[in-house]
Amino acid sequence: MKQIKLTRILFIALLFTTVLTACKKKDVVVPANEITDATELEMYLNWSLTDNSSATVSADLDLYLFKGNILQESQLASAQLIASSDNSDNFETIKLASSLADGDYTLVIDYFEILKPGKYSIRFKGTASGKVYNVSDVAFTVADDGKVKLPVLVVKAGQKFTVTKR
């Protein structure tokens, strides 16, 4: 009798352990390009020149943020401008507040004056969370002078910002 009772107790314990382990919540993997932040998403554009000369003397890039999923430069004329960059440390910064309406936002780079070729990078950072996502080493040439590029789409849903490189 004692052995049957012990076997029953062990079986119940094994069953209980199996159920608890199976029901344990799995760790959710957050994609690198997804930033959740209660405050804002900071977008910081910097660049360097191929010949290592002063980036801000021989190239001027400006940063703009428009509401909507803009795929062509011609759409900018009728799009809503949300922000234009502040020159910070000779580079460009824009902030997208989590209090703004949910939806699509297009980041626009204006190659205002390009006298030498180089590369740019954009850092996306949650101001409160500190999480960072980078779009790095995108080349530009003198031939790009005066052009507009639409390198990134940001989808905002509540406090979640999803950055998609195009």
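Remarks
- Residue count, the range 63-80 (criterion: farther than 23 Å from Trp47 by Cα and out of contact with any Asp or Glu (no Cβ under 7 Å at 6 or more places or on another chain)): 11
- Selected residue (only one of Lys160, Lys116, Lys131 is at pLDDT 95 or above and closer than 17 Å to Thr93 by Cα): Lys131
- Residue match in the range 90-109 (condition: modelled with pLDDT under 95, touching a strand residue (DSSP E or B) at 6+ places or on another chain (Cβ under 9 Å), farther than 12 Å from Asp62 by Cβ and exposed (fewer than 13 other Cβ atoms within 10 Å of the Cβ)): yes
- Residue in the range 126-138 that is surrounded by fewer than 13 Cβ atoms within 10 Å (Cβ to Cβ) and assigned to a strand (DSSP E or B) present: yes
- Strands (runs of 3 or more DSSP E) contained entirely in the range 34-88, each with at least 1 residues that are at pLDDT 95 or above: 34-36, 40-49, 59-67, 81-84
- Take the conditions (1) out of contact with any Gly (no Cβ under 7 Å at 6 or more places or on another chain); (2) over 16 Å from Leu96 (Cα atoms); Tyr111 misses just one of them, which is (1).
- Tabulated pairs, the range 48-77, first touching a residue at least 40 places away in the same chain (Cβ under 8 Å) and over 18 Å from Asp144 (Cα atoms), second of a type in the set (Gly, Ala, Ser) and outside any helix (DSSP H, G or I), C-beta under 8 angstrom, 6+ apart or interchain: Leu65/Ala83; Leu65/Ser84; Phe66/Ala79; Ile70/Ala79
The values are calculated or read from the model by the stated rules, or taken from the named source; none is laboratory data. Given the structure is predicted, the values throughout are model-derived calculations rather than measurements. Note that each Cβ is placed from the backbone with ideal geometry, even for glycine, and that neighbours are counted across all protein chains shown.
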